[in-house]
Structures are given as C-alpha cells and as structure tokens.
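A short reminder: the numbers here are calculations on the coordinates, not readings from a lab. Here the structure is a predicted model, which means the values were calculated and not measured. Quick reminder, even Gly has a Cβ in these numbers, built from the backbone with ideal geometry, and neighbours come from all protein chains shown.
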Amino acid sequence: MEAVRPWPLWLQGLALLWGRAVAGLERIRSTVPPAPAQACSAFSQKSCEECLKNVSCLWCYTNNTCIDYPVRSILPPSALCSLSNARWGVCWINFEALIIAMAVVAGLILVSITVCCCYCCYCRRRSRSRLDEEEEQLARKREERRLQSLQRKHERKLKHDEIRKKYGLLQDSDNPYSRFENE
C-alpha cells in the first residue's frame, strides 16, 4: 500500500479557497455601492447603542446627543463633551476610562518588552562569562591531567629501569645495539 502524500490535499484546499476568494471579489464588484452612512446627529435623542453602531459617532450622556467624532484632534475637546460623559465604541465604558485602560495596557506592554530585552542581554553577558570560566577551568584540568600523565610515565620508566638493572638487562646508553652475552 502506497503512502498518501498530504500535499495534494493542501493543493486542493488552496484551490478551493482561491476559488471562493475570486468569487467573493466578483460578487463585491457586481454589487451596488453601499448607501452613505447617516449623519450622527440623526441618532440624537435615541439610544447610545444605535449611535455607536456608526464608528464615526460619539455619544454624550450630558445631553443625550450623538455627534460626529472630532477626527482632527485625538481627544474630543471638553467644550464638545466631557471625557467622563463621552462614549465611543461601546456604551458601558466612558472615554476617560478607555484612555486610562489603553494607557495602562500600552505601559504594561512597553515595560514587559523592556524587561525582556534587559533580561536577555544580562543572560547573554552572564552566559558568555560563565562559558569563558568553564572553558578556562576545563583547560586547567586538561593541563593537570597531562602533567600527571607525564609524571606517571616518568615514574614507570624509572621503575622499569630499576628492574632491568636488577636483572642485568639494562644496556649501555653508549652502545645500545651491543650483543647480549651470557656469563
């Protein structure tokens, strides 16, 4: 039994999605453009929910009016409506609380990014120094083992030479190729 490759399924899914996307674009092109949104003042004296369905509107609770959001300034001026009575986006939170909540969230994000960056930099620096220390320690241990090995080798050579001397097997260093003679 042959193994089924998953890429043809991916290819079919991609073709299906592409076909739907193209069909959706054709449907959008063929439809009539939407009617222009109603002016925000048309929602005055109705309800906050109806006013805020249009994202360009601002609801003021002081006089229950729906007004156009002043897009030229970031915050609506207090002459238009006080921040504690202004609603934008949702009716259950006032503009003042919305600004404070957004500032707190942005501050938390910035602080967490700063802490992460500082922590990562500190850990890298610390890990580098730790690696250098470990490497230095390993080099010292390697050198100690090499010296101990040389010392043991020298001791073995001396011991072997003593044994050879004891049994008369030690040859002259002047003529190491001389013939061994029995006495």
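Quick one: if you stick a label point 7 Å off each Cα along the C-beta vector at Lys157 and Thr62, how many nm between them?
Distance between label points: 10.2 nm.
Testing the spin-label approximation: label points 7 Å from Cα along Cα→Cβ at Leu170 and Ser78. State their distance in nm.
Placing both labels 7 Å beyond Cα along the Cβ direction yields 10.8 nm.
Report the FRET efficiency, 1/(1 + (r/R0)^6), for Cys116 and Glu50, where r is their Cβ-Cβ distance and R0 is 41 Å, rounded to 0.05.
0.40
7 Å from Cα along Cα→Cβ at both Arg146 and Cys91: what's the point-to-point distance in nm?
8.3 nm
State whether the stretch 40-183 is rounded, prolate or oblate according to the following rule on the C-alpha gyration tensor (a ≥ b ≥ c being the square roots of its eigenvalues): a/c under 1.5 gives rounded; otherwise a/b larger than b/c gives prolate, and the remaining case gives oblate.
It comes out prolate by the Cα gyration axes.
Over the stretch 55-97, what is the mean sequence separation of C-alpha contacts under 8 Å (at least six apart), divided by residue count, expressed as relative contact order in percent?
That works out to 35 percent.
Using only Cα atoms, what is the ratio of the radius of gyration of the stretch 130-170 to 2.2 N^0.38 Å?
After normalising by residue count via 2.2 N^0.38 Å, the value is 1.93.
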